[in-house]
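First the structure, in the form of structure tokens, and then the observations on it.
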Amino acid sequence: MGIRRTLKGIIKAIYSSLPLIRTWNWGRLFLCIIISCFIWSFQALNKDNYHTTVNFPLVIDYERQDVVALEDPPKYISVQVSGSGWRLLQKTLGFGITPLKIEVEDPTQVKFFTAKSLMPNIVQQLSDVNVDFIAEDSIYLNYDSTSTKQIALFIDSSKIPLEKGYRIASPIFLDPDSLTISGASSFVSAEPDSFEIFLNENTLDESYDEMLDIAYEPPRKVSFYPEGVQVKFEVDLFFPKTITVPIRAINFPEDSSVYLARQLAVVEYDVRRANEMQPIPDTLTILADYKTIDKSDSTLLPVFSPPPFMENVKIIPEKLILIFPQKNNQRRRR
């Protein structure tokens, strides 16, 4: 009951004083508070023996230009300092601090240097305050030399989608035929020597000539060019055909002790639509050279030089059988 009465009394007192509070000059009140804060701050900043941490800027400077940072070097080093409030405020805001330039002849050969080695230069720049210590033990560097590499571009013709009966009828032309990558040597050297280009097509029934984006994703700290490649090749419809070609025997014995079992062979081939009306040469023959006899089965492999318009050529039979009359007669007598 006592607590309730006390709270009610406080509430009544606040409510009764509201008309008086409304008459206050709030602008002057806030001005007085701000001035008081400034006076207190000025008095506080005039005192000594304050401690704070200053982010001292660093700049890594090196003569060798063909290098790249695998990891960005630190831009600041944390320095614990002490002194008057005014001095420390200036240092915290960066006034009067010139970035410390660290000169390195070859950053790829320097992995780190101790913070203690920087102390003399930092003390010289912060001569109006006391330098207590440097927070970091060491400053680490991670640089690599740069290099360039050519990566061959290629297209796997077996992966090109074609309509039924259509085939690629020319070499695949790529311009450029290679990709140039440049950057950190450790990453560049690890990249493969070739990169495959894929077509963004469902099926093709006509010649192809398009500029494609190169979907190469380089590792970090590596760039590449160009970003596109011109791909060009011919596509045509092919028809299967069959002809009969005479076989010409060469280097056979003159005594007719051996001869071919057949004088004709079948040639199956494909011809593209553009060459469908090409005439078959009258001199077209298949050679059977006795000097190439396979003694294990007494057969010859046919030798055929087709005209340029014939593709996917197949000879039937694949081997030519030889007849030996004298041996056959000897077998009969036995």
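The values are calculated or read from the model by the stated rules, or taken from the named source; none is laboratory data. As the structure is a prediction and not an experimental result, all values here were calculated from the model. Reconstructed Cβ throughout: ideal geometry from the backbone, glycine too, with neighbour counts over all protein chains shown. Keep in mind that these areas ignore ligands, DNA and RNA; they rest on the heavy atoms of the full protein, side chains included. Shrake-Rupley method; radii C 1.70, N 1.55, O 1.52, S 1.80 Å.
For this structure, a couple of remarks:
- On inspection, E201 does not qualify as in a loop (DSSP other than H, G, I, E, B), at pLDDT below 90, closer than 30 Å to P120 by Cβ and not polar (S, T, N, Q).
- Flag if P302 is open to solvent by less than 50 Å² (accessible area, probe 1.4 Å) and of a type outside the set (S, T, Y): yes
- Looking across the range 73-96 at every residue that is part of a loop (DSSP other than H, G, I, E, B) and at pLDDT below 75, the one that is farthest from N121 (Cα to Cα) is identified as S84.
- Against the list (1) under 19 Å from F239 (Cβ atoms); (2) part of a loop (DSSP other than H, G, I, E, B); (3) modelled with pLDDT of 90 or more; (4) open to solvent by 50 Å² or more (accessible area, probe 1.4 Å), the condition K314 fails is (2).
- Flag if S170 is under 30 Å from V267 (Cβ atoms) and in a loop (DSSP other than H, G, I, E, B): yes
- Against the conditions (1) open to solvent by 50 Å² or more (accessible area, probe 1.4 Å); (2) assigned to a loop (DSSP other than H, G, I, E, B); (3) small (G, A, S), S257 satisfies every one except (1).
- Residue satisfying all of: in the range 122-138; open to solvent by 70 Å² or more (accessible area, probe 1.4 Å) and touching a residue at least 12 places away in the same chain (Cβ under 8 Å); farthest from P74 (Cα to Cα) among these: N130
- The listed residue being surrounded by 12 or more Cβ atoms within 10 Å (Cβ to Cβ) and modelled with pLDDT of 85 or more, out of A152, A115: A152
- Just one of (1) out of contact with any strand residue (DSSP E or B) (no Cβ under 9 Å at 6 or more places or on another chain); (2) touching a residue at least 12 places away in the same chain (Cβ under 8 Å) fails for D255. It is (2).
- Selection count, the range 102-120, where residues are part of a helix (DSSP H, G or I), closer than 14 Å to V67 by Cβ and touching a residue at least 24 places away in the same chain (Cβ under 8 Å): 2
- Any hit, the range 141-149, residues being among the hydroxyl-bearing types (S, T, Y), in a strand (DSSP E or B) and in contact with an Asp or Glu (Cβ under 7 Å, 6 or more places away or on another chain): yes
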